[in-house]
Amino acid sequence: MAAHAAHSRQLMRELGITRAHIVGHSSSVPIALQLALDAPDAVHTLTLMEAARPAAPTGAERQFGTDVAVPALQRYHAGDTAAAVDIFFRGVFGPGYRAALDHGLPGAFEQAVADADAFFTQEMPALWQWPFTEDDAHRIQQPALAVLGTASPAMFAERQQLLLHWLPNAEPLDLPGLTHLLHAQDAAAVADGLAGFFARHPIPQTL
């Protein structure tokens, strides 16, 4: 996560961006949080959409590991990457995910299968090993928006509540009827929510 955060900061420098509204979805939420820790001057606000981490040790989290993460890893190690991705996507997006995914992000499933090695051998272990604590969260003073699709699995609501509890300056945004594919299902609703948040916390022109 620290390396990804450093890459994000370097990209901002290359583009001449001094300070920005940082938006993360799922496994990029930890990168956004790590960037706020490592380069706080570069982060004006945080939008944290359905975080992959941090996660409380709850029954929903344990069930996700048993029913989704472990079977997906088993299928990956057996050489069936398409089945591994499908198992994981069903667990985070819901059983009817494919139509919404193909409509909102054409080719995303095939790309995920092509990128399965990086996901299962690098991204997933990095997420589980990320050493982010409540004390780390308390150091993040920027306004934060914790976004939830209300039709997502229960673990995402638990993670949202954890962020709201841990972060000193966080507020919720619940999007009715949407799942972990919220930005693909209803991009306008997501954009409206983010635009309102950004408008309440404008970046000063002098920055």
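The values are calculated or read from the model by the stated rules, or taken from the named source; none is laboratory data. Please read all numbers here as calculations on a predicted model, not as lab measurements. Heads up, the Cβs are rebuilt from the backbone with ideal geometry, glycines too, and the neighbour counts pull from every protein chain shown.
Given the conditions (1) surrounded by fewer than 17 Cβ atoms within 10 Å (Cβ to Cβ); (2) touching a Lys or Arg at 6+ places or on another chain (Cβ under 6 Å); (3) closer than 17 Å to residue 157 by Cα; (4) not aromatic (Phe, Trp, Tyr), and given that residue 51 satisfies all but one, which numbered condition is not satisfied?
(1)
Out of the range 103-116, which residues are out of contact with any helix residue (DSSP H, G or I) (no Cβ under 8 Å at 6 or more places or on another chain) and either under 12 Å from residue 85 (Cα atoms) or in the same structural domain as residue 180 (by TED's automatic domain parsing) (or both)?
110, 111, 114, 115
How many residues are surrounded by 14 or more Cβ atoms within 10 Å (Cβ to Cβ) and over 25 Å from residue 54 (Cα atoms) if we restrict to the range 83-97?
1
Restricting to the range 82-107, give me the number of residues that are assigned to a helix (DSSP H, G or I), farther than 15 Å from residue 68 by Cβ and in contact (Cβ under 8 Å) with a residue 40 or more places away in the chain.
Within the range 82-107, residues that are assigned to a helix (DSSP H, G or I), farther than 15 Å from residue 68 by Cβ and in contact (Cβ under 8 Å) with a residue 40 or more places away in the chain number 4.
Can you go through 100, 154 and tell me which one is farther than 21 Å from residue 32 by Cβ and assigned by TED's automatic domain parsing to the domain that holds residue 190?
Unique residue meeting the criteria: 154.
Determine whether residue 36 is of a type outside the set (S, T, N, Q), within 14 Å of residue 137 (Cβ to Cβ) and part of a loop (DSSP other than H, G, I, E, B). Working first, answer last.
On the way: of a type outside the set (S, T, N, Q): yes; within 14 Å of residue 137 (Cβ to Cβ): yes; part of a loop (DSSP other than H, G, I, E, B): no.
The answer is no for residue 36.
Restricted to the range 22-45, and to residues that are touching a Lys or Arg at 6+ places or on another chain (Cβ under 8 Å) and crowded, with 22+ Cβ neighbours inside 10 Å, which residue is nearest to residue 198 (Cα to Cα)?
Checked the range 22-45; the qualifying residue nearest to residue 198 (Cα to Cα) is 43.
So which residues in the range 46-81 are in a loop (DSSP other than H, G, I, E, B), under 30 Å from residue 198 (Cα atoms) and either touching a strand residue (DSSP E or B) at 6+ places or on another chain (Cβ under 6 Å) or small (Gly, Ala, Ser) (or both)?
51, 52, 55, 56
Please state which of the following conditions residue 50 fails to meet, knowing it meets all the rest: (1) within 15 Å of the chain's Cα centre (by Cα); (2) at pLDDT below 95; (3) acidic (Asp, Glu).
Going through (1) within 15 Å of the chain's Cα centre (by Cα); (2) at pLDDT below 95; (3) acidic (Asp, Glu) one by one, residue 50 breaks only (2).
Considering only the range 148-206, state which residues are assigned to a loop (DSSP other than H, G, I, E, B), under 15 Å from the mean Cα position of the chain (by Cα) and farther than 30 Å from residue 67 by Cα.
If the condition is that a residue be assigned to a loop (DSSP other than H, G, I, E, B), under 15 Å from the mean Cα position of the chain (by Cα) and farther than 30 Å from residue 67 by Cα, then no residue fits.
Assess whether residue 106 counts as being within 21 Å of residue 29 (Cβ to Cβ) and either of a type in the set (Ser, Thr, Tyr) or out of contact with any Phe, Trp or Tyr (no Cβ under 9 Å at 6 or more places or on another chain) (or both).
So residue 106 fails the test.
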